[in-house]
Amino acid sequence: MIRINLLKPETKDKEPVLAPGAIEEGGKAGPKGPNVGNLIFLALVIALGAGYFFQKKAMDQERNLLAAARQEKAKLQYVEAKLEEQRAVRESLDRKITLIENLNAQRDLAPRLMDEISRRLPDWVWLTEVVYDAKGISIKGRALSNNLIADYIGGLEASPQIMNVNLIASTQKTLQGDQYLEFQLRAVIERKPEPVPPPGTAAPGAKPAATKGVQK
């Protein structure tokens, strides 16, 4: 036997539409929006990239400054070496000028010393060597006795230019049966400055200036 249902079929209720991110009743979630963690990660990557870019730019600037400083240092070293070379040349010239001035100031000292040394020699005393240096004068000679050497020392002490005469050595020698004493003396030289002529007077040894006659 066949039965026919003449009643209208029951219609199913439509599911309500939920907003994105809304949660249905019963705990079911609707469609999800952008993930917050991905946004944070992306922002972090961008920040790291920007930091690396600025850090690299700063390092490049520092390298450029360092290279410029090295070049400047090389130039300064070259200039300093040149200045040191010029300073050494100037000091050498100053020493030469000082030496020439000292020799010029003492050009008459050696003849006076030789005159004093030879003029005060006693009889039977001979000189074999006379050395003059910055420390004084060294005299070597021969004499027949110690008394003659003592007389010679006293004569040198009486000189206004020779001081502190000391006997360094006195040795007895024999030559062809004759005995004599070989001695060495050391003395200090007093260097007196040359007198400076007063203004308006001619220097010693200078020729007077010629005067012209006045024609009437």
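Bear in mind these aren't lab numbers, they're just calculated from the coordinates by the rules spelled out. Predicted model, so just to flag it, every value in this text is computed and none were measured. In this analysis, Cβ positions are derived from the backbone assuming ideal geometry, glycine residues included, and neighbour counts consider all displayed protein chains.
So here's what we get for this one:
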{"item": "Kirkwood Rh, angstrom, the range 109-189 [1 / mean 1/r, Cα pairs]", "result": "12.8 Å"}
{"item": "FRET E, pair M59, A88, Förster distance 35 Å, beta-carbon r, rounded to 0.05", "result": "0.25"}
{"item": "Unit charges on C-beta of K, R, D, E only; dipole of the range 39-105, Debye", "result": "220 debye"}
{"item": "Debye equation applied to the C-alpha atoms of the range 39-105, log10 I(q)/I(0) at 0.20 Å⁻¹", "result": "-0.86"}
{"item": "Table column - 3J(HN,Hα) (Hz), the range 47-56, Karplus curve with 6.51, -1.76, 1.60, x for Gly and Pro", "result": "5, 5, x, 5, x, 5, 4, 5, 5, 5"}
{"item": "Total formal charge among the other residues, if their Cβ is under 14 angstrom from that of I97, Lys/Arg +1 and Asp/Glu -1", "result": "0"}
{"item": "Residues of the range 118-150 with amide N under 14 Å of a point placed 7 Å along Cα→Cβ from N166", "result": "135-139"}
